[in-house]
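Trainee: After the structure tokens below, expect a handful of questions from me.
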Amino acid sequence: MTDQRIAIIVGSTRPSRICPAIAGWAHRILEPSPLSYELVDLAEVDLPFLDEPLMAALGHYEHPHTRRWSQTISAFDGFLFVYPQYNWGYPGVLKNALDFLFTEWNGRPATFLTYGGHNGSASVEPFTRVLTSLRMNLLETHIEAHIGRSDVNQQWQLIDPATTLEPVRGRLLEIDRQFRAAMEPTA
Ligand SMILES: Cc1cc2nc3c(=O)[nH]c(=O)nc-3n(C[C@H](O)[C@H](O)[C@H](O)COP(=O)(O)O)c2cc1C
């Protein structure tokens, strides 16, 4: 175990969401890594809609919830965002959480696991653009996971996350390798 911490951001917050099951699966797979992976659930962070008078890039936060979120994110060295495709984009709650901060994201290695009936593919380009605009250091590899009707029960809960996500397990391990490489001190 190193003291380098990667946040696995749980990027959907609606009741009955499947995001925690997917992020939890990723957490279990990544547990043996020398990096410390930790779940950060946006439902627990519970930010309001962006209510700061000044844009984050100016670095003056008026609200305690913004300062708390800044402290949370500043404590991490990298980010793995886990989120569903929503209407060919990504959840508004995730964009809101990103928009609250700026320098806290800058230069940090980051990637994402998106999922959906069409593998989350339509969200990749817009989400990548947002991470780039926040000056994150994008890893080469991301994950697009397929969630089909046979993967969920009548309440739209994953029946067996490990089986559903097995096809992307290798990519997750590759992401861990890339995070470790990004954290290596340069000579
Ligand atoms: C607002 C909304 C938009 C959605 N848009 C898409 C979509 O564009 N493509 C897709 O394959 N599934 C879409 N779905 C289905 C989601 O993939 C599915 O509901 C998934 O469980 C959402 O993740 P969550 O449960 O973690 O919120 C959408 C679901 C919601 C609630």
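We did not get these values from a lab; they are worked out from the coordinates using the rules stated. Computed from a predicted model, the values in this text were never measured in an experiment. Note that we place each Cβ from the backbone using ideal geometry, even for glycine, and neighbour counts take in every protein chain shown.
Trainee: Can you name the residue in the range 37-66 that is within 15 Å of the chain's Cα centre (by Cα) and not in a helix (DSSP H, G or I) and is also nearest to the ligand (Cβ to nearest atom) among such residues?
Mentor: Filtering the range 37-66 down to residues within 15 Å of the chain's Cα centre (by Cα) leaves 37-45.
From the residues that got through so far, the ones that are not in a helix (DSSP H, G or I) too are 37-41.
Details: TYR37: 19, GLU38: 19, LEU39: 14, VAL40: 15, ASP41: 11 Å.
Out of the qualifying residues, it is ASP41.
Trainee: Now, a different point. Only residues that are surrounded by fewer than 20 Cβ atoms within 10 Å (Cβ to Cβ) and within 12 Å of the ligand (Cβ to nearest atom): list them for the range 131-150, please.
Mentor: Within the range 131-150, GLU144, HIS146, GLY148, ARG149 meet the criteria.
Trainee: Another question, if that's okay. Only one residue in THR128, THR164 is among the hydroxyl-bearing types (Ser, Thr, Tyr) and more than 16 Å from the ligand (Cβ to nearest atom), so which one is that? Don't jump to the end; show me each part of the working.
Mentor: Numbers: THR164 fails: more than 16 Å from the ligand (Cβ to nearest atom).
After applying the criteria, what remains is THR128.
Trainee: Name the one entry in ALA23, ALA7 that is under 25 Å from GLU125 (Cα atoms), within 14 Å of the ligand (Cβ to nearest atom) and of a type in the set (Gly, Ala, Ser). Please lay out each step first, then the result.
Mentor: Details: ALA7 fails: within 14 Å of the ligand (Cβ to nearest atom).
Unique residue meeting the criteria: ALA23.
Trainee: Name every residue in the range 107-139 that is more than 15 Å from the chain's Cα centre (by Cα) and either closer than 19 Å to LEU39 by Cα or of a type in the set (S, T, N, Q) (or both), in order of residue number.
Mentor: Once the filter is applied, which keeps residues that are more than 15 Å from the chain's Cα centre (by Cα) and either closer than 19 Å to LEU39 by Cα or of a type in the set (S, T, N, Q) (or both), the range 107-139 yields ASN119, SER121, SER133.
Trainee: So in the range 67-93, with the set limited to residues that are in contact with a strand residue (DSSP E or B) (Cβ under 8 Å, 6 or more places away or on another chain) and in a loop (DSSP other than H, G, I, E, B), which one is nearest to the ligand (Cβ to nearest atom)?
Mentor: GLN85
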